[in-house]
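Novice: Structure provided below as structure tokens; questions to follow.
The values are calculated or read from the model by the stated rules, or taken from the named source; none is laboratory data. Treat the numbers as computed from the prediction; the structure is a model and nothing was measured. All Cβ positions, glycine included, derive from the backbone under ideal geometry; neighbour counts span all protein chains shown. The protein model used for the area step is the full one, side chains on, heavy atoms only, and it has no ligands, DNA or RNA in it. Shrake-Rupley method; radii C 1.70, N 1.55, O 1.52, S 1.80 Å.
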Amino acid sequence: IEEEMKSSYIDYSMSVIVSRALPDARDGLKPVQRRILYAMEDLGLDQSANYKKSARIVGEVLGKYHPHGDSAVYDAMVRMAQPWSLRYPLVDGQGNYGSLDGDAAAAMRYTEARMESVTEALLTDLGKETVDFRENFDGTLEEPTVLPAGFPNMLVTGASGIAVGMATKIPPHNLGETIDAVVARIEDPEVTIPDLMKHVPAPDFPTGGVIYGYGGVQEAYKTGRGRVVMRAKMHEEELDTGRQALIATELPYQVNKSRMLEKIADLVRQERVEGISGLRDESDREGLRVVIELKQGAVPMVVKNKLFKHSHLQQTFGVNMVALVNGRPQVLDLREAIDVYVEHREDVVRRRTQHELRQAEERAHVLEGLTLALDHLDAVITVIRHSPDTGEARENLMAGTYPSDLTEDDLDELGVPRVPPIAQQNAGSGVQQRLELEEAEEVGGDGASDAPAEEGAWLSRRQADAILKLRLSRLTGLERDKIAGEYRDIIQEIERLRGILASRERRLQIIKDELLAVKDQYDDERRTEIDYTGGDSINMEDLIDDEPVVVTVTHQGLLKRTPITEYRAQGRGGRGIRASGTREDDYVEHLFAGTTHDWLLFFTDHGQCYWLRVYDIPEGGRTAKGRSIRNLIQIAPDDSLRAILAVEKDDFADEDFLNSHYVLMATRGGQVKKSTLEAFSRPRADGIIAIKTASDDELLEAHLTSGDACVVMASSSGHAIRFDEEDVRPMGRKAMGVRGIRLTEGAEVVGMFTCGGGAADAVHLEDDPHVLTVSQKGYGKRTPLADYRQQGRGGKGLVTMNTTGRTGPLVTVKGVTAEEDLMVITTAGTMIRTEVEGISAMGRNTQGVKVINLRSGDRIADVTRLADPAEHSDGAEEAEDPTPATNGHA
């Protein structure tokens with residue numbers, strides 16, 4: 001059973017590979033396509049013929065050559081007739097053959113077809129023994145194993161198919177460019193692939209579009225495999241309404257237009273692409289036109305690149321040039337594909353020349369007999385007239401003798417010579433030419449079968465038959481001259497054909513001339529443009545300024561970025577300005593200051609990490625509510641954002657940086673853990689595990705460190721601990737970490753920061769750092785870091801704020817310097833920007849001063865440091881609440 005299974009499956013696999021899915025590298029056709037074209041040739045369906053029902057053609061193919069389902073044949077024929085599927089359609093269809101929207105073709109009983117004009121170049125000389133034929137499935141007919149292929153159809157038309165264990169995907173090309181490359185290969189056998197690419201710069205897709213970037217094209221031509229990025233051809237246009245719009249006039253190859261529009265509409269509904277107010281399809285008989293109307297103020301270039309990134313307006317064509325070479329699948333680069341075609345065409349030209357030489361020699365043989373007969377016309381007429389039947393007349397002519405019943409007196413009476421023509425054969429010039437031709441045939445090895453079989457014979461059977469069929473009108477002097485002239489011409493033709501067979505250079509020249517003739521007849525302009533300056537990915541950085549921004553995230557996950565210039569610095573104790581509009585029962589939970597080009601690492605309660613570029617976050621004003629973060633990153637429904645970490649874009653590509661920097665994390669339960677940044681350097685859309693947390697614990701903080709910083713952690717009970725980062729060994733991403741601080745009952749960690757060590761977000765020890773503590777009810781202070789002695793990891797720590805009912809529990813701890821500015825934000829969305837030096841420096845065991853006046857029920861949500869201090873305003877800016885701002889210590 002095992003052997004039978006192996007054998008059967010191998011037979012099946014080879015059948016799919018050779019007889020169904022892969023094209024032949026010589027003519028670029030699969031068997032079903034070749035059979036369709038051959039059947040249409042049999043039916044005489046060239047461009048001069050009337051259209052014939054598709055069902056008639058399909059029936060012809062099924063009944064004679066392709067014993068499979070009718071849908072397989074009709075679907076293949078439909079594709080060969082679709083101008084958006086083939087760069088040069090091979091079938092001229094009449095009727096409904098589908099559409100670019102993916103509509104199916106009408107049933108075969110409704111449509112009609114014939115061959116396209118260019119298809120005739122594939123079939124030219126098929127009847128001249130140029131290719132091998134094989135028996136059809138029932139052995140009653142023969143079909144060609146390959147077509148003569150007057151142009152390199154595999155590269156021009158392209159192909160796609162899935163076999164068993166392999167697949168092929170060959171892009172279409174411009175016919176004129178491809179022929180030029182073949183000619184270059186013929187003229188210079190040592191031509192390189194880069195030289196060939198000067199003639200064939202890139203694929204030429206039937207739907208046009210733009211090839212974005214050139215690296216994939218080069219890889220495909222050099223190795224046979226590569227990725228070609230295709231984009232729609234788009235331009236900006238001002239509509240009658242005065243709004244700007246993006247107009248798509250050409251789509252990437254094999255993109256379904258209706259599905260593409262549905263995808264864009266979904267992106268707009270999901271708010272993944274912003275700035276689009278309308279979408280409609282205005283395509284008609286004149287051509288394709290998709291209108292994407294933009295909102296007022298939207299930047300067309302940014303919207304366009306967003307669409308390229310997320311929709312089918314940009315697609316990738318995975319080139320995999322696998323084809324059958326001598327019956328075996330092989331990956332071909334550009335030069336190998338051309339070499340296979342040139343070798344095939346040379347074989348076609350050779351076999352065609354042999355066929356034409358054989359026919360010319362046969363015709364010369366007949367003309368020689370006619371000439372000989374005309375030289376002895378009276379004797380020939382006598383032989384025919386006095387022979388009792390055609391058969392004996394033929395035998396007498398071949399022998400060169402009179403019928404046996406004719407006496408010498410009869411011959412005298414008829415006026416013909418008594419000596420038979422065979423005895424005079426050396427006297428006629430026609431006989432001498434025939435003998436010379438026969439000697440040449442013996443040297444060439446062809447045409448000897450028509451020579452007389454018996455020594456001393458006068459004419460061959462073919463010559464005798466031609467004489468018997470000779471019309472009397474050709475016995476005139478003018479007709480006799482025509483026969484002699486034709487004979488001289490055919491002798492010259494024989495010499496020419498023999499010269500072709502003897503010279504490969506002449507055969508290659510013929511191939512070249514025939515290809516250029518096809519180019520002259522069918523060449524057209526290139527449709528697909530090439531953007532050599534493009535890349536394989538969209539570079540939004542060139543379109544967006546690198547500017548400082550504030551990113552805010554609410555408790556319900558609403559995210560936005562706002563230019564930092566919209567916030568004015570205020571004196572300590574001011575009422576503050578409105579930082580974010582919030583929905584009912586929502587409040588701002590996170591605040592982050594960075595730049596638009598930063599990478600953001602988002603850490604969630606459950607210990608997951610996600611990536612996002614700051615410029616991918618929607619921009620909004622101070623009072624804008626923002627957009628849901630779940631539309632930008634795939635956070636689990638029961639998870640929420642906890643910490644944000646910025647990494648410069650170039651650092652992800654720096655191996656030394658990745659391995660010398662760490663992500664230090666802390667949980668509310670007092671755990672601390674660090675992992676190398678390298679473990680977070682491969683972004684994934686669905687995120688990765690950053691830390692494993694207990695069921696009753698959650699991630700609180702994440703910081704980027706250089707491995708040798710000091711760490712300060714604080715709890716809601718007002719305690720803080722300072723220890724060396726080196727006390728925490730590096731761990732894998734899925735580890736839970738070690739204890740950082742021992743908590744009192746009911747307390748939890750409220751913050752962690754690092755100092756020293758050279759990390760980007762660490763407080764520098766030489767800048768006289770302070771520990772900033774802020775309580776829930778708006779009290780805060782700064783205490784010199786030197787007041788916190790170094791301790792071992794895992795202790796209870798020291799008192800950092802004397803928390804009471806008036807101050808409320810501690811909500812945050814930050815490492816700050818006097819030159820910095822702070823952002824303080826409340827649960828109601830009120831924000832104040834103030835300088836650190838405006839907050840009094842006090843000892844550890846104190847309550848602090850009033851940092852912000854809170855309305856009844858309002859609480860401090862978060863505090864963050866700003867990298868570049870802004871200038872103070874002369875007064876406080878009012879929030880929506882008209883309550884006057886107050887200053888002073890609590």
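Novice: In deg cm²/dmol and to the nearest 500, what is the mean residue ellipticity at 222 nm of the chain if only DSSP H runs of at least 4 residues count, each as -39500 (n - 2.57), divided by the residue total?
Specialist: Rounded to the nearest 500, the figure is -9000 deg cm²/dmol.
Novice: Taking Cα atoms, how many degrees apart are the long axis of helix 70-81 and the longest axis of the chain, rounded to 10 and kept between 0 and 90?
Specialist: Once rounded, the angle reads 80 degrees.
Novice: Between the alpha-carbon centers of segment 2-48 and segment 237-268, tell me the distance in whole angstrom.
Specialist: Using only Cα atoms to place each centre, the spacing works out to 39 Å.
Novice: Leaving out ligands, DNA and RNA, what percent of the accessible area of the chain is carbon and sulfur, probe 1.4 Å?
Specialist: Here it works out to 45 percent.
Novice: Placing +1 on the Cβ of each Lys and Arg and -1 on the Cβ of each Asp and Glu in the chain, which of Thr803, Thr830, Val156 has its Cα farthest towards the positive end of the resulting dipole?
Specialist: Of the listed residues, the answer is Thr803.
Novice: Rounding to the nearest 20 debye, state how big the charge dipole of segment 691-817 is about its Cα centre with +1 on each Lys and Arg Cβ and -1 on each Asp and Glu Cβ.
Specialist: Dipole of segment 691-817, to the nearest 20 debye: 360 debye.
Novice: For segment 632-686 and segment 699-741, what is the centre-to-centre distance using only Cα atoms, to the nearest Å?
Specialist: Segment 632-686 and segment 699-741 have Cα centres separated by 14 Å.
Novice: Putting +1 on Lys and Arg Cβ atoms and -1 on Asp and Glu Cβ atoms, find which of Tyr341, Val331, Leu367 reaches farthest to the positive end of the dipole of segment 329-372.
Specialist: Checked the options; the winner is Leu367.
Novice: Determine the distance separating the Cα centre of segment 775-827 from the Cα centre of segment 50-71; give it in Å without decimals.
Specialist: 85 Å
Novice: Against the longest alpha carbon principal axis of the chain, how many degrees, from 0 to 90 and to the nearest 10, is the axis of helix 54-64 turned?
Specialist: In the chain, helix 54-64 runs at an angle near 70 degrees to the longest axis.
Novice: Taking 0.36 nm per intervening residue step and subtracting the Cα-Cα distance, what contour gain separates Arg855 from Glu505 on full extension?
Specialist: Additional length available on full extension: 116.4 nm.
Novice: Can you give the FRET efficiency for Asn845 and Arg742, using 1/(1 + (r/R0)^6), R0 = 22 Å, r = Cβ-Cβ distance, to the nearest 0.05?
Specialist: 0.70
Novice: Sticking with this one: Between Asp696 and Ser71, what is the label-to-label distance in nm when each label sits 7 Å out along the Cα-to-Cβ direction?
Specialist: Taking the two extended label points, one gets 6.2 nm.
Novice: Under 10 Å from the Cβ of Arg504, count the other residues' Cβ atoms, weight Lys and Arg +1, Asp and Glu -1, and hand me the total.
Specialist: +1
Novice: Using label points projected 7 Å from each Cα along Cα→Cβ, tell me how many nm separate Leu279 and Asp654, to one decimal.
Specialist: Label at Leu279, label at Asp654, 4.1 nm between them.
Novice: Can you compute the modelled spin-label distance between Gln296 and Ser7, with each label point 7 Å from Cα toward Cβ, in nm?
Specialist: That separation, rounded to one decimal, is 8.0 nm.
Novice: Something else: Per residue, how many Å² of accessible area does the chain show with a 1.4 Å probe?
Specialist: Using a 1.4 Å probe on heavy atoms only, each residue of the chain averages 44 Å².
Novice: Now for a different question. To the nearest 10 degrees, how steeply does helix 300-310 sit against the main Cα axis of the chain, on a 0 to 90 scale?
Specialist: On a 0 to 90 degree scale, this one is about 70.
Novice: A further question follows. Relative to a virtual label point 7 Å from the Cα of Tyr51 in the Cα→beta-carbon direction, which members of segment 94-123 show backbone nitrogen distances below 15 Å?
Specialist: 94-99, 105-117
Novice: Okay, next question. Rg and Dmax of segment 762-825 over Cα atoms: what are they, in angstrom?
Specialist: Rg then Dmax for segment 762-825, in Å: 12.6, 36.
Novice: Name the trypsin sites (Lys or Arg not before Pro) in segment 52-136 that are in a loop by DSSP and that have at most 15 other C-beta atoms within 10 Å, would you?
Specialist: Those that pass, being in a loop and sparsely packed, are Arg109.
Novice: Using only C-alpha positions, report the orientation-averaged shadow area of the convex hull of the chain, nm², one decimal.
Specialist: 55.2 nm²
Novice: Assuming R0 = 41 Å, what is the FRET efficiency of Ser258 and Glu547, from their Cβ-Cβ distance, to the nearest 0.05?
Specialist: Once rounded, the FRET efficiency stands at 0.55.
Novice: To one decimal place, what orientation-averaged projected area in nm² is obtained for the convex hull of the Cα set of segment 583-692?
Specialist: Spelled out: convex hull of the Cα atoms, projected over all directions, averaged, 7.8 nm².
Novice: As an exercise, use a Förster radius of 56 Å and the Cβ-Cβ distance of Asp489 and Val18 to find the FRET efficiency, rounded to the nearest 0.05.
Specialist: Result of the calculation: an efficiency of 0.80.
Novice: So which of Lys674/Lys734; Lys263/Lys309; Lys263/Lys304; Lys233/Lys649; Lys674/Lys781 end up more than 18 Å apart, counting from Cα to Cα?
Specialist: Lys233/Lys649; Lys674/Lys781
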